Amino acid sequence: MKDLTGKVAVVTGSTKGIGLAIAEHLVAAGASVVVSARNEAEVRAVADRLGERAHGIPCDVADPEQCDALIAGAVAHFGRLDVLVNNAGFGVFKPISEMTVRDFQSQVEVNLGGVFYCSKAALEPLSASGDGFIVNIASLASRNAFAGGTGYNASKFGVLGLTEAMMLDVRYSDVRVSIVMPGSVDTWFNENVPVEGRTWKLHADDCALAVMQLLAYPKEAHVSRIEMRPSQPKRH
């Protein structure tokens with residue numbers, strides 16, 4: 001694991017699941033971390049548990065003003081920003097005939113809009129760090145459509161396109177942009193209840209390790225995409 005002492009990271013959606021695992025790994029590697037999600041009490045509780053190098057800032061990533069405040073607050077508290085992990089997201093899984101306009105819009109606003117808003121706000125401090133990094137947590141649903149995924153697929157396909165275009169926009173501004181695309185993960189996502197121990201699914205820590213691997217590469221090397229899937233998925 002790369003020593004990240006002195007580095008500062010913001011992780012959205014980091015009070016549970018993949019985001020929490022990423023925050024824990026970053027702190028273990030020596031980084032200071034801003035924990036963020038919509039629920040203020042959960043944000044404060046996780047930040048307190050992670051220790052003195054963690055700071056909590058509540059944020060609804062669907063609101064661009066809150067995203068601006070999140071990044072500004074991180075820089076104000078820690079003095080810099082080196083890593084942004086855009087992890088916040090959710091899914092509404094229904095046939096298009098049953099999906100409301102609000103169901104669709106809310107997924108696009110959070111899953112795609114939030115990535116754009118936070119990334120845009122973070123570009124200046126990330127570039128100023130001299131070795132900034134944006135990691136977008138998406139899904140294999142960014143490439144593989146499925147029935148009932150009208151809104152979710154649209155938002156995650158968008159994150160893939162946004163990531164690849166943004167990578168080209170900012171590569172000469174000392175900011176690398178990558179995407180991690182996991183398949184089935186045993187987390188709280190979509191009202192799932194995680195089980196103790198390992199199942200056939202990926203674990204949140206697996207996704208966190210992928211992020212840490214991206215950050216471990218030297219500045220001159222850039223792994224722009226990681227696809228992850230269970231090695232032995234459940235047979236139907």
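Residues whose amide H falls under 5 Å from that of Val35, counting only those 5 or more places apart or on a different chain, are His55, Gly56, Ile57, with hydrogens built in the peptide plane. What angle, in degrees between 0 and 90 and rounded to the nearest 10, separates the Cα long axis of helix 40-50 from the longest principal axis of the Cα atoms of the chain? The helix 40-50 is inclined about 60 degrees to the chain. If you take every residue apart from Met1 with its C-beta less than 14 Å away from the C-beta of Met1, what net charge results, scoring Lys and Arg +1 and Asp and Glu -1? Residues near Met1 contribute -1 overall. Estimated from the Cβ-Cβ distance and a Förster radius of 30 angstrom, the FRET efficiency linking Tyr217 and Arg102 is about 0.15.
Let me know the shape class of the range 32-105, please: from the alpha-carbon gyration tensor, a ≥ b ≥ c as square roots of the eigenvalues, rounded when a/c is under 1.5, otherwise prolate if a/b is greater than b/c, or oblate. It comes out prolate by the Cα gyration axes. The order of the peptides 219-228, 154-163 by mean Cβ neighbours within 10 Å, most packed first, is 154-163, 219-228. Only the Cβ atoms of Lys and Arg (+1) and of Asp and Glu (-1) were treated as charged; on that basis the dipole of the chain about its Cα centre amounts to roughly 640 debye.
For the range 173-186, putting each phi into the Karplus relation 6.51 cos²θ - 1.76 cosθ + 1.60 with θ = phi - 60° gives couplings of 10, 6, 10, 9, 10, 10, 10, 10, 10, x, x, 5, 10, 7 Hz, in residue order, rounded to whole numbers and with x for Gly and Pro.
Ordering Val180, Val92 from the fewest to the most neighbouring beta carbons within 10 Å gives Val92, Val180.
Computed from backbone phi with θ = phi - 60° and the Karplus coefficients 6.51, -1.76 and 1.60, the 3J(HN,Hα) list for the range 123-132 is 4, 5, x, 5, 5, 5, 5, x, 7, x Hz; x is used for glycine and proline. Each stretch of four or more DSSP H residues adds -39500 (n - 2.57); spread over every residue of the chain, this sum gives -13000 deg cm²/dmol at 222 nm. Between rounded, prolate and oblate, where does the range 53-192 land on the alpha carbon gyration tensor, with a ≥ b ≥ c its root eigenvalues, rounded for a/c under 1.5, else prolate if a/b exceeds b/c? Since a/c reaches 1.5 and a/b is larger than b/c, the shape of the range 53-192 is classed as prolate.
Readers should treat all values here as calculations from the given coordinates under stated rules, not as data from a laboratory. Remember, it's a predicted structure, so these values are computed and weren't measured experimentally. Quick reminder, even Gly has a Cβ in these numbers, built from the backbone with ideal geometry, and neighbours come from all protein chains shown.
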